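Only one structure is covered here, and it is reproduced in the block below.
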Amino acid sequence: MKQRAQRVKTRHIILAVMCLMYFISYIDRVNIAVAGPLIRHEMGLTTVQLGLVFSAFAYPYAAMQIIGGCLSDKFGPKLVLTVLSLIWGAATLATGFAGSVTTLVVLRFMLGIGEGGAFPSATRAFTYWMPVRERGFAQGITHSFARLGGAVTPPLVLAVVVAGGWRDAFILLGVASLAWTVLYLFVFTNTPEQNRRITREETAEIGYRSGDCERAKRTPTPWRKLIRRMWLVTFVDFCYGWLLWVYLTWLPSYLKESRGFDLKHLALFTALPLLAGVVGDTLGGVVSDRIYKTTGRLRLARVAVLVVGMGGSLAFLLPMISVADPMTAVWLLTGSFFFLEITNPVLWTLPLDIAGKYAGTAGGMMNTGFGVAGMISPVAFGYLIEHTGSYNAPFMVSAGLLALGLVAALFIDTARTVEADEERERERGEGPAARGAFAFLDAAPAVRLERHSLRRPLRWWR
C-alpha cells in the first residue's frame, strides 16, 4: 500500500494544489468583467463608477507583490498564503451580497490585497519543493492554469448567471476559494522535512538541505542585493506585462470596433489567444527545463526561451497591425500571444534561480513590473486610440516595448545570484556582522550595474 501511494511524488501533489489555486484565483479576478453589465444595470451605476470598481483591484495588487513575497520569506508560504486566500475568498463571497458601489470598491480592493501577494508566495513555496531542473515546468503549468481560468470564466460565470443571477456566481466562487484554503492547509508544508508523506529518495531528488527554511527566516532581507540582481528582470516583466494587459482589457473592443466581428463570434475569437497562452505557458517551462537538462547551462535555458518568446511575439504582432483580413488578424494575434506566454514561466523561474531563499521577495519585485504595467497600459492604450482614432499607434507602442524587453533579456545573467554576492562578502569579511552599525546600508535602495555586465550581452549562451 505504501509503495502504491508513493508512485505519485509528494512535490507533484503540491504542484497540483498550486495549479488549482492559480485557476480559481484567476476566475475570481476576472469574473467582475463578465458580471459588470448586470451589476451596472441592477445598481444603476455610471460607466465611471463601474470603471472605479474595475480599477480598485489593480492598486493593492501591485503594492502587495513585494509585501506578500517578503512576508512569505519571513514567516513561510503556508501561513501567508493561507491568510491571503482567506482574504480573497471572503471578498469574493461577500461581493455576492454587495448593495452599493462603495461596498463593491472595498471588496475589490480586498481581493487585490489577497491575490496581490499570492503568486510571489507560491513562487516562494517552490523554493524548497521543486528541484532546479523542474522549476520551469512548475511555473509554466501553474500559469497555464491561470490562463485557462481566464479563458473559461465567460462561459462558466454566464452559465451560473443564467441559472441564478450574478450574485450566485460570486457566492459559489467564494466558497470554492475557501474550500481550496482548507485543501492547502492539509496538503502543503513549508519544507519536505515537515511532510510526513515524502521519502528520503524524493528529498534527495529535490536537493533540500535540512534547516534551510529556518535559517532563511532568521536572515535579514538583503534589499540592495535583490534590487541590483532583479531590476532588469522587473523591466523585462514590465514589457511583457504591457502587452498582456492589452490582451486582457482591449482585445474584445479591438475585434469588435477595428475588425468588425459581431457578438456571436466575439467570445470565440477572444478566447482563442487565451487558449494558445495555456499551451505557451506550459511549453515555455518544459523547453527551458529540457535545455538545462541537456546542456547544464542555466543562463542559456532561461535567456534563450525569453528571446524566442518575445521575438516570436513581435514577429506575429507587427504584420497583424497592417493586415487587412480580420481572420488573419485573429490568427496573428493568437500566434503573438502564444509566443508571449512562452516567456512567462521563465520570468517566474528567474527569482528562484537568482534569489534562492529570498525568492518570495524577488518574485514580488519582478511582478511589481507587471502590476505597474497593469496600471498604465490599459489607460495609455485607450488614450492613444482616442487621440489617433486608430488601434495602430497603441499596438506599435506595445511592439516597441516588446523589442526593448527582448534586448534587455539578453543581459540577464543567472550566474550573478544573491547567494553568490553573500558568499563573496563572507570571504572578504564584509557581511552584516563585519559592517556592524553600518549593516543597515544593505537595505538602501540602490541600482548599480555590475562591471562588464552590459559589455557582452550576446554571450547569453554561455
(message) Restricting to Cα atoms and excluding each atom paired with itself, what does the Kirkwood estimate give for the range 22-75 in Å?
(response) 13.0
(request) Kindly flag which residue pairs out of 74/357; 78/225; 74/293; 74/225 have an alpha-carbon separation exceeding 22 Å in this structure. (result) 78/225; 74/293
(message) With θ taken as phi - 60° and the coefficients 6.51, -1.76 and 1.60, list the Karplus ³J(HN,Hα) couplings across the range 308-313 in order, rounded to whole Hz; mark glycine and proline as x.
(response) 5, x, 6, x, x, 4
(request) Would you mind computing the Rg to Rh ratio of the range 1-107 from its alpha-carbon coordinates, Kirkwood style for Rh? (result) 1.11
(request) Please turn the phi angles of the range 11-27 into ³J(HN,Hα) values with the Karplus equation 6.51 cos²θ - 1.76 cosθ + 1.60 (θ = phi - 60°), one per residue in order, whole Hz, x for glycine and proline. (result) 5, 6, 5, 5, 4, 5, 5, 5, 4, 5, 5, 4, 4, 5, 5, 6, 5
(request) Using just the helices of the chain, give the 222 nm mean residue ellipticity in deg cm²/dmol: DSSP H runs with n ≥ 4 each add -39,500 (n - 2.57), and the total is spread over all residues, rounded to 500. (result) -26500 deg cm²/dmol
(request) Averaging sequence separations of C-alpha pairs under 8 Å and six or more residues apart, then dividing by the length of the chain, give the relative contact order as a whole percent. (result) 24
(message) Out of all Cα-Cα pairs in the range 140-248, roughly what percent, to the nearest whole number, are more than 19 Å apart?
(response) 72
(request) Report the equivalent ellipsoid semi-axes for the range 315-438 in whole Å, largest first, defined as the square roots of five times the eigenvalues of the gyration tensor built from alpha carbon atoms. (result) 41, 16, 11
(request) Rounded to the nearest Å, what's the spacing between the alpha carbon centres of the range 298-374 and the range 40-85? Just the number, please. (result) 23
(request) Report, in degrees rounded to the nearest 10, the 0 to 90 angle that the Cα long axis of helix 326-342 makes with the longest principal axis of the chain. (result) 20
(message) Can you find, among 58, 258, 286, the residue sitting farthest towards the positive end of the charge dipole of the chain, where Lys and Arg contribute +1 and Asp and Glu -1 at Cβ?
(response) 286
(message) Taking 0.36 nm per residue of sequence separation and subtracting the Cα-Cα distance, how much length would be gained by fully extending the chain between residue 308 and residue 387, in nm to one decimal?
(response) 25.1 nm
(request) Sticking with the crude label model, points 7 Å out along Cα→Cβ, report the distance from residue 420 to residue 293 in nm, one decimal please. (result) 2.5
(request) Along Cα→Cβ, 7 Å out, is where each label goes; now give me the distance between the ones at residue 7 and residue 323 in nm to one decimal. (result) 4.5
(request) Between residue 201 and residue 30, take the C-beta separation as r, use R0 = 35 Å, and let me know the FRET efficiency to the nearest 0.05. (result) 0.30
(request) Return the tail of the calculated pair distribution for the range 244-397, meaning the percent of Cα-Cα pairs more than 28 Å apart. (result) 27
(request) Using only the alpha carbons of the range 300-387, determine the length spanned along each of the three principal axes and report them from longest to shortest in whole angstroms. (result) 50, 31, 14
(message) With 19 Å as the cut-off, how large is the P(r) tail for the range 69-153, expressed as percent of Cα-Cα pairs?
(response) 51
(request) Go through 154, 130, 140 and say which Cα lies farthest out towards the positive end of the charge dipole of the range 83-238; charges sit on Cβ, +1 for Lys and Arg, -1 for Asp and Glu. (result) 130
(request) For the chain, count the residues as N, evaluate 2.2 N^0.38 Å, and divide the Cα radius of gyration by that value, please. (result) 0.98
(message) Largest first and in whole Å, what are the equivalent-ellipsoid semi-axes of the range 238-305 based on the Cα gyration tensor, each being the root of 5 times an eigenvalue?
(response) 34, 13, 7
(message) Can you give me the distance in nm between label points at residue 86 and residue 42, each placed 7 Å from the Cα along the Cα-to-Cβ direction?
(response) 2.8
(message) What figure, in Å² to the nearest 10, do you get for the accessible area of residue 205 with a 1.4 Å probe and non-protein molecules left out?
(response) 60
(request) Using only the Cα atoms of the range 40-197, construct the convex hull and provide its projected area averaged over every direction, in square nanometres to one decimal. (result) 10.3
(message) Please list 3J(HN,Hα) in residue order for the range 109-123, calculated via the Karplus relation 6.51 cos²θ - 1.76 cosθ + 1.60 where θ = phi - 60°; whole Hz, with x for glycine and proline.
(response) 4, 4, 4, x, 5, x, 7, x, x, 6, 5, x, 5, 5, 4
(message) Show me the ranking of peptides 175-186, 15-26 by mean Cβ neighbours inside 10 Å, starting with the highest.
(response) 15-26, 175-186
(message) Would you calculate the convex hull of the Cα atoms in the range 342-399 and tell me its volume per residue in Å³?
(response) 74
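The values are calculated or read from the model by the stated rules, or taken from the named source; none is laboratory data. Since the structure is predicted, the reported quantities are computational estimates derived from the model, not experimental observations. Heads up, the Cβs are rebuilt from the backbone with ideal geometry, glycines too, and the neighbour counts pull from every protein chain shown. Just so you know, the surface numbers come from the protein's heavy atoms only, side chains and all, with ligands and any DNA or RNA stripped out. Shrake-Rupley method; radii C 1.70, N 1.55, O 1.52, S 1.80 Å.
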